[in-house]
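The values are calculated or read from the model by the stated rules, or taken from the named source; none is laboratory data. Worth saying up front: this structure is predicted, and the values here are computed from it rather than measured. Every residue, glycine as well, gets a Cβ built from its backbone with ideal geometry; the counts of neighbours run over all protein chains shown. The area values use the complete protein model at the heavy-atom level, side chains included, leaving out ligands, DNA and RNA. Shrake-Rupley method; radii C 1.70, N 1.55, O 1.52, S 1.80 Å.
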Amino acid sequence: MKILCLGRLPQDLEEKLLELAPIDFIDRTTALPDHELIEALQGKTIILTEPQDQLNEKVVAAAPELKMIAQRAVGFDNINLPVCSQNNILVSNTPGVLDNATADLAFALLLACGRRIVEADSYVRSGQWTGFENDLLLGTEIFGKTIGIVGMGRIGYAMAKRCHAFSLKIIYSRSGDLGRDDNEIEIDERDKKLALELNAQRVSLETLLKNSNFVSVHCLLSATTTELIGHKEFSLMPHDCIFINTARGKIVDEQALADAIFTNKIKGAGLDVFYSEPAVHKLLLAAPNVVLAPHIGSATAETRHAMANLAVSAALEAFKNKSKPANLLNPDIWQDWLEKQ
Ligand code: GLV
């Protein structure tokens, strides 16, 4: 048995994984071309992946010895899950451990955009500052405004808690609500709890977009959320709206976002993810009211270690302890998979 690890692993976790099998490392920042990944996968039983690695149908079908993909991320849009299940390949991800770090970054982008922190920093460093001015770099008040949270999963909830602490009014839409009107939404127990705890109200996406001073995206990328936010959606937002995306770039039509920024349809944006990373739309690069980050939502030392630990532990659980990892994305194939080992 051999393991392929895309990206580096902390020393302690490398040692832990070595209990199972030797590891080949490939340190890359952008996706390997299919043929290179296929070649590297030959003879490998387990692969550790990250969001940029493309485990598509062609790659999975060309890796006959592969038995597990341990994704070091919560999003798994880079993996063809149905094809993995058909080929009896376990797939795990890292939910839960990155909620606070990612919500912190989303909230940091909200504050950075609202209070123009990056512009202010450049202003001081460039020597333009001549002294206190009453209307210098006026931002937008956060207190009492409304935030629309698109996707109320674990990270959306962590963001909502931060927003509540800053006295923002919270409205949110859930992935199941896409295409539904307000009167078609069925409130469940979780919504009732969110209303009690955070005074948060579940609404349709259209109502959310029309009524939010901040919109923050926290849903998974899927066929239904690809380019979910485009020209029409930006045109529904109020002109003072600040748009935050720490989920996945492909949830947003990036040209529509650039147009909305340059025609002042919205006030600004804070972006940690992009349509074709690491490329960034040139208009977004040029806009002073856009704050950019290089996909660092979960990038704290503690969280990245916890994510790698979950991936390594899932592999050890399955192959060493022969017990079902808690974070499997295709638990339905577990029994069959185990019987074939
Ligand atoms: C990072 O992008 C993740 O999905 O965890």
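Values as computed for the structure displayed
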{"item": "Test result for Glu57, away from the ligand (no atom under 14 Å from the Cβ) and charged (D, E, K, R)", "result": "yes"}
{"item": "Condition met for Val273 (within 16 Å of the ligand (Cβ to nearest atom) and either part of a helix (DSSP H, G or I) or open to solvent by 40 Å² or more (accessible area, probe 1.4 Å) (or both))", "result": "no"}
{"item": "Single residue of the stretch 80-105 satisfying the filter (touching a Lys or Arg at 6+ places or on another chain (Cβ under 8 Å) and of a type in the set (Gly, Ala, Ser)) that is most open to solvent (accessible area, probe 1.4 Å)", "result": "Gly96"}
{"item": "Test: residue in the stretch 28-49 that is part of a loop (DSSP other than H, G, I, E, B) and in contact with a strand residue (DSSP E or B) (Cβ under 6 Å, 6 or more places away or on another chain)", "result": "yes"}
{"item": "Given (1) among the polar types (S, T, N, Q); (2) in contact with a helix residue (DSSP H, G or I) (Cβ under 6 Å, 6 or more places away or on another chain); (3) open to solvent by 30 Å² or more (accessible area, probe 1.4 Å), number of the condition Gln54 does not satisfy", "result": "(2)"}
{"item": "Criterion (crowded, with 18+ Cβ neighbours inside 10 Å and either among the aromatic types (Phe, Trp, Tyr) or assigned by TED's automatic domain parsing to the domain that holds Ala106 (or both)) met by exactly one of Glu227, Glu233", "result": "Glu233"}
{"item": "Residue satisfying condition, being closer than 25 Å to Glu206 by Cβ, open to solvent by 20 Å² or more (accessible area, probe 1.4 Å), in contact (Cβ under 8 Å) with a residue 12 or more places away in the chain and out of contact with any helix residue (DSSP H, G or I) (no Cβ under 9 Å at 6 or more places or on another chain), within set Gly114, Gly153, Gly144", "result": "Gly144"}
{"item": "Criterion (within 14 Å of the ligand (Cβ to nearest atom) and either at negative phi or in the same structural domain as Cys163 (by TED's automatic domain parsing) (or both)) met by exactly one of Thr30, Thr49", "result": "Thr49"}
{"item": "Pair list, Cβ < 6 Å and 6+ apart or interchain, from the stretch 81-101 residues that are farther than 17 Å from Leu48 by Cβ to residues that are at pLDDT 95 or above and within 16 Å of the ligand (Cβ to nearest atom)", "result": "Asp99/Arg154; Asp99/Ile155; Asp99/Ala158; Asn100/Ala158; Ala101/Ser298; Ala101/Thr300; Ala101/Thr303"}
{"item": "Out of Gly75, Gly131, Gly127, sole residue that is in a loop (DSSP other than H, G, I, E, B), open to solvent by 30 Å² or more (accessible area, probe 1.4 Å) and either within 16 Å of the ligand (Cβ to nearest atom) or not charged (D, E, K, R) (or both)", "result": "Gly127"}
{"item": "When residues of the stretch 236-270 are limited to those that are of a type in the set (D, E, K, R) and within 24 Å of Pro51 (Cβ to Cβ), the one most open to solvent (accessible area, probe 1.4 Å)", "result": "Lys250"}
{"item": "Number of the condition not met by Ala70 [criteria: (1) within 16 Å of the ligand (Cβ to nearest atom); (2) open to solvent by 30 Å² or more (accessible area, probe 1.4 Å); (3) of a type in the set (A, V, I, L, M)]", "result": "(2)"}
{"item": "Selection count, the stretch 281-301, where residues are free of Cβ contacts under 8 Å to residues at least 40 places away in the same chain and either out of contact with any strand residue (DSSP E or B) (no Cβ under 6 Å at 6 or more places or on another chain) or closer than 20 Å to Ile46 by Cβ (or both)", "result": "8"}
{"item": "Of the criteria (1) within 16 Å of the ligand (Cβ to nearest atom); (2) at pLDDT below 95, which one Val312 fails", "result": "(2)"}
{"item": "Residues being in a loop (DSSP other than H, G, I, E, B) and of a type in the set (A, V, I, L, M) - total across the stretch 281-294", "result": "2"}
{"item": "Among the residues listed as Gly139, Gly148, Gly96, Gly153, the single one being on the phi < 0 side of the Ramachandran plot and within 16 Å of the ligand (Cβ to nearest atom)", "result": "Gly153"}
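One line per residue, one yes/no per condition, for (1) within 14 Å of the ligand (Cβ to nearest atom); (2) over 29 Å from Thr224 (Cα atoms); (3) modelled with pLDDT of 95 or more; (4) part of a strand (DSSP E or B):
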residue	(1), (2), (3), (4)
Gln255	no, no, yes, no
Ile266	no, no, yes, no
Ile296	yes, no, yes, no
His305	yes, yes, yes, no
Lys320	no, yes, yes, no
